Structures are given as C-alpha cells and as structure tokens.
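The structure appears below as structure tokens.
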Amino acid sequence: MAFETQATVLGSTQAYAIAPTAKRYTLRDNGFVETNGGNFQLIRPLEATPQSKEGFKLKITVSKDVKTLKMSITTNNGLKAVNIFKDEAHKMLQDKFYFLMDGFISRGLLVKVD
C-alpha cells in the first residue's frame with residue numbers, strides 16, 4: 001500500500017488527510033512510533049478491552065515528511081485488511097474507530113476530507 005495525500009480504511013466513506021498543523025513531535029505525543037525507515041506508525045486495537053490479544057487493529061502510517069499517510073484495519077496478526085463497515089455486528093468497532101479519528105482531528109493531526 002502506497003502513501004497517499006488522503007486515506008481511508010476499507011469500507012469507510014470518510015477520508016482523512018494529514019493536518020497542515022501536524023508535526024513530528026505531535027505524532028510522537030499521540031502514540032506514533034518512529035520506524036527504522038523514518039516513518040511514523042500507530043497500531044491500536046479496536047476491541048473493547050485493549051489487553052485482549054484477539055480482534056482487529058487500526059494501523060496508521062505517516063510518511064517521514066509528515067505529508068502523506070496510509071491506514072487500514074487489519075486482523076490481529078496484521079496480515080489481512082478487513083471491512084468492519086459491511087456488518088452491523090461490528091457497530092462497536094465502527095464507533096471506536098470514529099472516536100479515535102475524532103481524537104486525532106481535535107489534536108491537530110488529521111483533517112476530514114469531503
């Protein structure tokens with residue numbers, strides 16, 4: 001998956017882009033970890049209890065120039081992208097995803113793209 005100026009997860013109609021105010025230290029302050037390649041990556045579980053080792057994970061990677069990103073929701077092992085929006089049984093996961101995204105927007109990391 002290549003870096004894009006705007007990204008969304010599989011099945012979602014809402015796209016996101018890096019906010020012009022986002023900086024490297026802002027990413028680190030919000031849980032992003034710098035990879036060996038210089039990019040910033042965040043992996044967050046979407047399950048009700050963060051201690052559980054099962055369920056889906058939200059993965060967001062921001063390029064080292066803090067201009068482009070890629071994001072996906074994957075299986076627990078991170079190998080396969082999943083669509084949590086195709087089934088109403090995943091309503092809690094959808095709500096948690098949007099809650100996390102709204103938090104990143106309020107902290108100046110991301111903006112919604114219409």
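Each residue in the range 86-114 was checked for being within 23 Å of Phe3 (Cβ to Cβ) and not in a helix (DSSP H, G or I), and 8 of them qualify. Here Gly38 clears all of (1) among the small types (Gly, Ala, Ser); (2) without any contact (Cβ under 8 Å) to a residue 60 or more places away in the chain; (3) in contact with a strand residue (DSSP E or B) (Cβ under 7 Å, 6 or more places away or on another chain) except the condition numbered (3).
Scan the range 21-28 and give yes if some residue there is part of a strand (DSSP E or B) and either under 15 Å from the mean Cα position of the chain (by Cα) or surrounded by fewer than 17 Cβ atoms within 10 Å (Cβ to Cβ) (or both), otherwise no.
Pass one, the range 21-28, residues part of a strand (DSSP E or B): none.
Checked against the condition, which is being part of a strand (DSSP E or B) and either under 15 Å from the mean Cα position of the chain (by Cα) or surrounded by fewer than 17 Cβ atoms within 10 Å (Cβ to Cβ) (or both), the range 21-28 yields no hits at all.
Confirm whether Thr26 is hydroxyl-bearing (Ser, Thr, Tyr), closer than 26 Å to Met92 by Cβ, in contact with a Gly (Cβ under 9 Å, 6 or more places away or on another chain) and modelled with pLDDT under 95. So Thr26 does not fit the description; no.
Inside the range 82-97, residues that are exposed (fewer than 12 other Cβ atoms within 10 Å of the Cβ) and within 14 Å of the chain's Cα centre (by Cα) make up a count of 1. Before we move on, is Ser72 within 14 Å of the chain's Cα centre (by Cα) and either basic (Lys, Arg) or part of a loop (DSSP other than H, G, I, E, B) (or both)? So Ser72 does not fit the description; no.
The values are calculated or read from the model by the stated rules, or taken from the named source; none is laboratory data. Note that the coordinates shown come from a computational prediction; the quantities given were computed from them, not determined experimentally. We place every Cβ from the backbone using ideal geometry, glycine too, and count neighbours over all the protein chains shown.
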